[in-house]
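J.: The structure is given below, and queries will be raised subsequently.
The values are calculated or read from the model by the stated rules, or taken from the named source; none is laboratory data. Note that the coordinates shown come from a computational prediction; the quantities given were computed from them, not determined experimentally. Please note: Cβ atoms are built from the backbone with ideal geometry, for glycine as well, and neighbour counts cover all protein chains shown.
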Amino acid sequence: MKPTTHNSAKITTKVDWLQQWIPISLILLVATGLYLYQLGAESLWMDELISVDRAKPHNLDIWRVRPLYYLLLSVWMKFGSSDAWLRGLCVLFSLGSVFLTYRLGRRLVGKSTGLIAAVLITLSPVFIHHAQEVRMYAPSAFLGLWGSLALSHALENPKALSIAWWAILRWLAILGTPLTLLLLLPDVVLFGWRFRNQPRELFAFGKGLLAIGLLWSPWLITVAMSSAKFMGGVKAPGTVNPALKNSPNLINVLFQPGRFTAWWFGRPISNAIYWFYNAYCVMVACLLGFALFNKQRSNRLAWIAAWGLLPLVPLFLVSQISRSLWVDRYLLFTSPYIFILLAAGFIAVWHKWRVGSLVVALIYLIAAGGALKRHYTVMDNEDWRGLVETINKNQEPGDLIVWSIGQTIPRPLNHYYRGSATIEVRKYGPQATTEGDKPAVESWLDSWPKTQSRIWLVYANPSPVFSSVLEEQFNVRSRQKFEKADVFLLEPHSAPDQEK
């Protein structure tokens, strides 16, 4: 009988292992497919090009506001430079976030909640967008989640190692995106309340906070100065400053969970779709409320709520008095906790009303499916790759490129250009709209280097008068319009005439 008992125990252990790992493995497989699908289909947009530029060895500066991602990207770029490869770094961090969301939800609430939360983050169009972006938001969300998981261990068993892990991970997350500093607010509330009568544990936690402050202090002045410049000041009562607009209201707050899970692209063209997603956001907000106020909820669900909701309070308040920080990418680090809360709400509805929970699931699948279709079929990024490729394909030896779109650094050229033409970055020229502005355009063109070579002019939003002056002073061989700029191929009148 003993061998039989031993074999039964081994079979049971194997079954338990399969039941634990197969579901999340399948979810991760789906996430991998969604995050890799069309990864390099769109050109890098300007913020991504900034990331690439700042990660280059000659530009790399560890004292920037958000240095961690640039350091990681700098290493990543040693192995490839294609758009898909550059975005692949965030894919890895995003897959890690799917797994950590599952682990945190399973640990604090339950296995089913963890799995559903992992599905929500996998199918979230906004999370997929940032998983496929050369920016620091996905890595910071991952590090924030990992730090919260470390603190959950410390809240249950406040050992020095778990507190140290929490402190290191919080510091790294802040180096990635300073806004993740707001996760310390729920951390302090949770730890302070749980160990309010245990001074030894509070002292150990305080040392962790002090370590975070000391480690981050070299960047503090840089962050403070950059933040003050970015925020643009404080709104004076009774005045309207166009630079300090779009402050969120309570509707924006209530609809944010719906934006995290489905439509976040702005108002749809169709009114029917618009009102459907408004109704969907109301449903999701109710689901969140059901999770928070369900009497049978797990006590540790309050920890998730603290991490997901408390950081939103200062973001909302600051957005009322200065520049709005209520932007999806800035809020992304809170989204995994919102997904866990929504999963807990769905489980609660399932236990009380099976038919209702199936209706909720069906509406969610329709909403998420429509948003995913929109994400994969509509190209939102500026086509810098296509613009520069026009020059790459048609350039000739001796050509000159004049780049004038309001940038001091021609980052799209730096990334996509493969030729050897001389590049002139010129101050953005005059936007002539009347005949009276014609002399200003002529004066600007006269400031160019004197050359008999062909000139590729990249210029944003040329006016009719500007275009007419170009035709007077040059042979305009071709003109292609792109979203952010027009590309002109010009020849001096003295150059030999050629076929277009």
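J.: Working carefully through the options 112, 148, find the one that is surrounded by 18 or more Cβ atoms within 10 Å (Cβ to Cβ), over 30 Å from residue 407 (Cα atoms) and in contact (Cβ under 8 Å) with a residue 60 or more places away in the chain.
T.: None of the others qualify; the one that does is 148.
J.: While we're here: With the checklist (1) aliphatic (A, V, I, L, M); (2) surrounded by 20 or more Cβ atoms within 10 Å (Cβ to Cβ); (3) under 18 Å from residue 302 (Cβ atoms) in hand, flag the one item residue 169 doesn't pass.
T.: (3)
J.: Now a separate question. Looking at residue 332, is it in contact (Cβ under 8 Å) with a residue 60 or more places away in the chain, closer than 24 Å to residue 181 by Cα and in the same structural domain as residue 122 (by TED's automatic domain parsing)?
T.: Yes, satisfied.
J.: Could we say that residue 95 is assigned to a helix (DSSP H, G or I), over 15 Å from residue 304 (Cα atoms) and either in the same structural domain as residue 260 (by TED's automatic domain parsing) or out of contact with any Pro (no Cβ under 8 Å at 6 or more places or on another chain) (or both) here?
T.: yes
J.: Name the residue, out of 272, 291, that is closer than 20 Å to residue 353 by Cα and in the same structural domain as residue 359 (by TED's automatic domain parsing).
T.: Details: 272 fails: closer than 20 Å to residue 353 by Cα.
Step by step, each of 272, 291 is checked, and only 291 is closer than 20 Å to residue 353 by Cα and in the same structural domain as residue 359 (by TED's automatic domain parsing).
J.: Identify the single condition in (1) charged (D, E, K, R); (2) in a loop (DSSP other than H, G, I, E, B); (3) buried (at least 18 other Cβ atoms within 10 Å of the Cβ) that residue 61 does not satisfy, given that it satisfies every other one.
T.: (3)
J.: Do we find a residue being surrounded by fewer than 21 Cβ atoms within 10 Å (Cβ to Cβ), in a helix (DSSP H, G or I) and either polar (S, T, N, Q) or assigned by TED's automatic domain parsing to the domain that holds residue 309 (or both) anywhere in segment 401-414?
T.: Yes, segment 401-414 has at least one match.
J.: Does residue 361 qualify as being surrounded by 15 or more Cβ atoms within 10 Å (Cβ to Cβ), more than 24 Å from residue 81 (Cα to Cα), over 19 Å from the mean Cα position of the chain (by Cα) and not acidic (Asp, Glu)?
T.: No, not satisfied.
J.: For a quick check of your reading of the model, give me the residue pairs whose first member lies in segment 271-291 and is over 17 Å from residue 361 (Cα atoms), whose second is surrounded by fewer than 20 Cβ atoms within 10 Å (Cβ to Cβ), with beta-carbon atoms closer than 8 Å and at least 6 apart or on different chains.
T.: Filtered contacts from segment 271-291: 273/370; 274/267; 274/268.
J.: Identify, from the list 265, 276, 260, the residue that is within 19 Å of residue 121 (Cα to Cα), at pLDDT 95 or above and among the aromatic types (Phe, Trp, Tyr).
T.: Values: 265 fails: at pLDDT 95 or above; 276 fails: within 19 Å of residue 121 (Cα to Cα).
None of the other options fit; the residue is 260.
J.: Of the residues in segment 425-452, how many are aliphatic (A, V, I, L, M) and modelled with pLDDT under 75?
T.: So the answer is 1.
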